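Read through the structure below, which is laid out as structure tokens, and then see the notes.
The values are calculated or read from the model by the stated rules, or taken from the named source; none is laboratory data. All figures in this text were calculated on a predicted structure; none of them were measured in a lab. All Cβ positions, glycine included, derive from the backbone under ideal geometry; neighbour counts span all protein chains shown. These accessible areas exclude ligands, DNA and RNA; they are computed on the full protein's heavy atoms, side chains included. Shrake-Rupley method; radii C 1.70, N 1.55, O 1.52, S 1.80 Å.
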Amino acid sequence: MIAGTPVELSIVLPVYNEGEAVEPVLRGLATGVQTPHELVVVYDFDGDTTVPVIERLAAELPGLRGLRNDLGRGVLNAMRAGIAGTTAPYVLISMADGSDEPHIVDAMVALARDGADVVAASRYMRGGRQIGGPRLKRLMSRTAGLSLHWFGGVATHDPTNNFKLYARRFLDSVTIESKAGFELALELTVKATLARRRVAEVPTTWHDRTVGKSNFKLRQWLPHYLRWYVMALRSRIRRRVQSSA
């Protein structure tokens, strides 16, 4: 990014003790995204092993900065802090484990410029795929995503993927209610659908992390996901009943 260029996109990466493993992810985003952007790495505590890496790379990678999450520990609050601590017209949530593809970000921005309020990187649309990860988690994610698309009227095939871009105009119009983990992406996608905001998607290949341990807690977070899943299906049924009355 050229110094002095207005930032159009804030890329928010929640981290937890990623250490040196985060460096190739940050470098990949810095070189792979052409949209004028900032890289905002959100950590929970000053002793996080990611912090020294951010400080070392900040002088080399324009727009890279750390942001301490003071809303309460955990990935959900880190994402919320990242959204609140940035002002760019578009916000991209991406993971710091290298599972997401930087080269599709510019295409996501293009869709947002064209009017989309939520742009999903989709593993389950034509051209997308998922490599690795626990089999049960893959099955549940795919089933939930495709059923919400076909029966819940959600425009993306992959509403649960957190690799999503949001227009600030949409974020400013909603109140985040999520309580746990990664349910934020599903909440915002469902709320955009219910508000008849435009939801778009681009295909992506998701790679399971090869370094470190995933913080995904399926059993603990599943009830929170089900809330938004049921809400979307009920709304679609209600609309169909009203239209046929």
Q. Looking at ALA180, ALA167, which is the one that is out of contact with any Cys (no Cβ under 9 Å at 6 or more places or on another chain), among the small types (Gly, Ala, Ser) and modelled with pLDDT under 95?
A. ALA180
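The rows are residues; the columns are (1) touching a helix residue (DSSP H, G or I) at 6+ places or on another chain (Cβ under 6 Å); (2) farther than 24 Å from GLU101 by Cβ; (3) of a type in the set (S, T, N, Q).
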| position | (1), (2), (3) |
| --- | --- |
| ALA21 | no, no, no |
| LEU29 | yes, no, no |
| THR49 | yes, yes, yes |
| PRO52 | no, yes, no |
| GLU55 | no, yes, no |
| ARG73 | no, yes, no |
| GLY82 | no, no, no |
Q: Take ASP48 and decide whether it is free of Cβ contacts under 8 Å to residues at least 40 places away in the same chain, at negative phi and open to solvent by less than 40 Å² (accessible area, probe 1.4 Å).
A: yes
Q. Out of curiosity, is LEU76 under 22 Å from ILE176 (Cβ atoms) and in a helix (DSSP H, G or I)?
A. yes
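Of these, VAL7, VAL41, which one is assigned to a loop (DSSP other than H, G, I, E, B), open to solvent by less than 60 Å² (accessible area, probe 1.4 Å), at negative phi and touching a strand residue (DSSP E or B) at 6+ places or on another chain (Cβ under 9 Å)? Step through it out loud before you land on a result.
Working: VAL41 fails: assigned to a loop (DSSP other than H, G, I, E, B).
The match here is VAL7.
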Q. When you look at VAL190, is it farther than 21 Å from TYR225 by Cα, open to solvent by less than 20 Å² (accessible area, probe 1.4 Å) and not polar (S, T, N, Q), yes or no?
A. no
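Could you tell me which of the residues LEU139, LEU148 is assigned to a helix (DSSP H, G or I), among the hydrophobic types (A, V, I, L, M, F, W, C), more than 24 Å from GLU20 (Cα to Cα) and touching a Phe, Trp or Tyr at 6+ places or on another chain (Cβ under 8 Å)?
None of the others qualify; the one that does is LEU148.
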Q | Selected residue (only one of THR35, THR31 is modelled with pLDDT of 95 or more, surrounded by fewer than 16 Cβ atoms within 10 Å (Cβ to Cβ) and under 21 Å from the mean Cα position of the chain (by Cα)) | A | THR31
Q: Could you grab the pairs with beta carbons closer than 6 Å, sequence gap of 6+ or different chains, first residue in the range 113-135 and over 21 Å from HIS149 (Cα atoms), second one open to solvent by 30 Å² or more (accessible area, probe 1.4 Å)?
A: ILE131/HIS207; GLY132/ASP208; GLY133/ASP208
Q: Could you please let me know if ASP100 is within 16 Å of the chain's Cα centre (by Cα) and outside any helix (DSSP H, G or I)?
A: yes
Q. Within the range 162-179, which residues are open to solvent by 10 Å² or more (accessible area, probe 1.4 Å) and not hydroxyl-bearing (Ser, Thr, Tyr)?
A. ASN162, ARG168, ARG169, LEU171, ASP172, VAL174, ILE176, GLU177, LYS179
Q | Hits in the range 115-136 (condition: open to solvent by less than 20 Å² (accessible area, probe 1.4 Å), assigned to a loop (DSSP other than H, G, I, E, B) and among the hydrophobic types (A, V, I, L, M, F, W, C)) | A | ALA116
Q: Return yes when LEU13 is surrounded by 22 or more Cβ atoms within 10 Å (Cβ to Cβ), at pLDDT 95 or above and out of contact with any helix residue (DSSP H, G or I) (no Cβ under 6 Å at 6 or more places or on another chain) and no when it is not.
A: yes
Q. List the pairs whose first member sits in the range 52-73 and is more than 15 Å from GLU18 (Cα to Cα), whose second member is in a loop (DSSP other than H, G, I, E, B) and among the hydrophobic types (A, V, I, L, M, F, W, C), and whose Cβ atoms are under 7 Å apart, counting only residues at least 6 apart or on separate chains?
A. PRO62/MET1; PRO62/ALA3; GLY63/MET1; GLY63/VAL7
